Amino acid sequence: MSIEVQHISKTFGSFVALDDVNLTVPTGQLVALLGPSGSGKTTLLRVIAGLEQATPAPGIDSGIRFHDEDVSHTPVRHRKVGFVFQHYALFRHMNVFENGAFGLRVARPRSRKLQIQERVHQLLALIQLEGLAHRYPSQLSGGQRQRVALARALAVQPKVLLLDEPFGALDAQVRQELRRWLRRLHDQLHVTSVFVTHDQDEALEVADRVVVMNRGRVEQVGTPDEVFHHPATEFVMHFLGQVNQFHGRVEEGRVRFGNLELPFPQYAHNQDGAARVFIRPHDVTIDTKTNGLPSIQATIERIHSAGAVVRLEMRTDAGQLLFAEISQERFATMHLTYGGTVFVRPRHIRVFTDDYDNCTRSAPLSI
């Protein structure tokens with residue numbers, strides 16, 4: 001069951017929550033709506049579910065379609081959508097079994113008792129909580145409650161599964177476990193699913209495709225690799241991970257920033273002017289000598305060596321803070337110390353500049 005969002009806008013008074021959003025979710029995919037607070041991701045999810053109605057725009061053909069069927073004016077109960085909230089929304093006075101059966105009894109009042117029992121027990125096996133059917137929500141952990149909430153949403157065999165920050169109320173370790181579990185579950189069921197998150201690691205790890213949102217608009221849609229390694233806008237570059245930024249210029253096919261001047265043929269034609277240069281911390285090489293190569297001199301201010309990689313915070317002679325990541329093996333051979341001088345060389349940069357179409361473009365450079 002595919003989902004198609006066409007020219008959807010939503011305002012709350014003078015606040016524009018969604019601004020002409022277009023989006024297609026292919027059948028059977030798990031898609032993440034990713035963005036900061038206030039970017040419109042939860043509002044978009046609620047509009048898809050029918051919990052919110054889009055704001056009409058005169059002269060614009062807008063709507064929500066499930067597999068070519070316009071459901072824009074279809075009531076929530078008839079959209080066959082399963083919805084999972086961040087804070088579980090379980091019935092405290094019902095045990096696990098009754099919470100799972102509730103949706104079936106409402107949606108299919110004529111279902112026989114045995115049919116409901118079979119379906120609920122199938123779901124409890126699916127979420128690996130068979131032995132907890134008679135427990136109440138207060139007797140469950142946060143991760144278990146969220147799995148029960150997911151089972152209740154799946155009980156009615158929805159066409160579409162929508163999840164609003166499903167792991168936001170959980171601690172880091174449980175959240176990581178449930179990410180992997182949700183991915184495995186989706187691979188079993190193949191229900192078209194959309195989940196909201198502000199956690200970039202969660203989106204990049206779990207989703208088939210990521211929709212990056214900002215100020216009510218879609219900045220980029222792509223696979224996790226595409227949005228991280230090939231960001232379409234400066235916002236996406238900033239939002240998806242730590243980044244070093246320089247102000248520079250592009251002139252005659254070369255980019256100048258800091259004290260570096262590097263070839264950049266992507267901008268050789270009629271695009272000279274101001275540029276913003278971005279470098280990921282893992283895309284730099286750190287040396288204690290220049291070795292005759294173009295580099296930026298910096299002083300080490302902090303060393304974070306706990307973890308899979310060593311993170312360095314440095315300050316250039318111009319006062320700019322730089323971040324870098326190096327392997328533990330490399331760190332062990334360099335004998336770096338606080339206050340020590342190092343030379344930073346970018347291996348890969350991304351440049352954004354306003355061209356004559358007033359569009360922002362980017363291109364990589366390997367050095």
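Please state the charge dipole magnitude for the range 108-255, taken about the Cα centre, from unit charges on C-beta atoms (+1 on K and R, -1 on D and E), reported in debye and rounded to the nearest 20. List each step's numbers first, then the result.
Values: 20 positive and 18 negative charges, 238 e Å.
It works out to roughly 1140 debye.
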Around Leu162: net Lys/Arg minus Asp/Glu count, Cβ-Cβ under 14 Å: +3
Förster-model FRET efficiency, 25 Å R0, Phe15 and Glu69, C-beta, rounded to 0.05: 0.25
Extension gain, Gln328 back to Glu252 (0.36 nm per residue minus Cα-Cα distance, nm): 23.4 nm
In sequence order, calculated HN-Hα J values of the range 77-82 (Karplus, 6.51, -1.76, 1.60; Hz; x Gly/Pro): 5, 9, 7, 6, 10, x
Integer Hz, Karplus 6.51/-1.76/1.60 couplings in order for the range 212-224, x for Gly and Pro: 8, 10, 7, 6, x, 10, 8, 7, 6, 10, x, 5, x
Highest-MSF residue in the chain out of Val310, Val243, Val218 [GNM, Cα springs under 10 Å]: Val310
For Asp20, net neighbour charge (Lys/Arg +1, Asp/Glu -1) across residues whose Cβ lies under 13 Å away: +1
Label-point gap, in nm, between Ile60 and Gln128 - each point 7 angstrom along Cα→Cβ: 4.4 nm
1.4 Å probe accessible area per residue over the chain, in Å²: 50 Å²
Karplus-derived 3J(HN,Hα), 6.51/-1.76/1.60, for each residue of the range 26-34, Hz, glycine and proline x: x, 4, x, 8, 9, 10, 9, 9, 10
Fraction of accessible area attributable to carbon and sulfur, the range 1-101 (%, probe 1.4 Å): 52 percent
Length gained when the stretch Thr316-Asp287 is fully extended (0.36 nm per residue, less Cα-Cα span): 9.0 nm
Placed amide H near Ala133: partners under 5 Å, 5+ positions off or other chain: none
Nitroxide proxy distance, nm - points 7 Å out along Cα→Cβ at Lys80 and Asp225: 3.4 nm
Net charge dipole size for the chain [Lys, Arg +1 and Asp, Glu -1 on Cβ; Debye, nearest 20]: 1660 debye
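Say R0 is 41 Å: what FRET efficiency, to the nearest 0.05, do Arg347 and His93 get from their beta-carbon distance? Write out the running numbers ahead of the final one.
Values: r = 59 Å, r/R0 = 1.44.
The pair Arg347/His93 has a calculated efficiency of 0.10.
For the peptides 227-240, 163-176, what is the packing order when you average, over each peptide's residues, the other Cβ atoms within 10 Å and list the highest mean first?
Put in order of decreasing packing, that is 227-240, 163-176.
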Placed amide H near Met213: partners under 5 Å, 5+ positions off or other chain: Leu34, Gly35, Glu219
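On full extension of the chain, what length is gained from Glu301 through Ala172, given 0.36 nm per residue of separation minus the C-alpha to C-alpha distance? Walk me through the numbers on the way to the answer.
Numbers: separation 129, 0.36 × 129 = 46.44 nm, distance 2.85 nm.
Computed gain between Glu301 and Ala172 is 43.6 nm.
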Two-site label geometry, His121 and Ala274: point separation in nm, points 7 Å out along Cα→Cβ: 6.9 nm
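What part of the accessible area of the range 220-346, given as a whole %, is carbon or sulfur when the probe is 1.4 angstrom? Could you put the intermediate results ahead of the total?
Values: 3190 of 6390 Å².
Carbon and sulfur atoms account for 50 percent of the accessible area of the range 220-346.
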Heavy atoms of Ser141: accessible area, 1.4 Å probe, square angstrom to 10: 60 Å²
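The values are calculated or read from the model by the stated rules, or taken from the named source; none is laboratory data. Note that the coordinates shown come from a computational prediction; the quantities given were computed from them, not determined experimentally. Don't worry about glycine lacking a Cβ; one is built from the backbone with ideal geometry, like all the others, and counts go over all protein chains shown. Accessible surface is based on the protein model in full, side chains and every heavy atom, while ligands, DNA and RNA are left aside. Shrake-Rupley method; radii C 1.70, N 1.55, O 1.52, S 1.80 Å.
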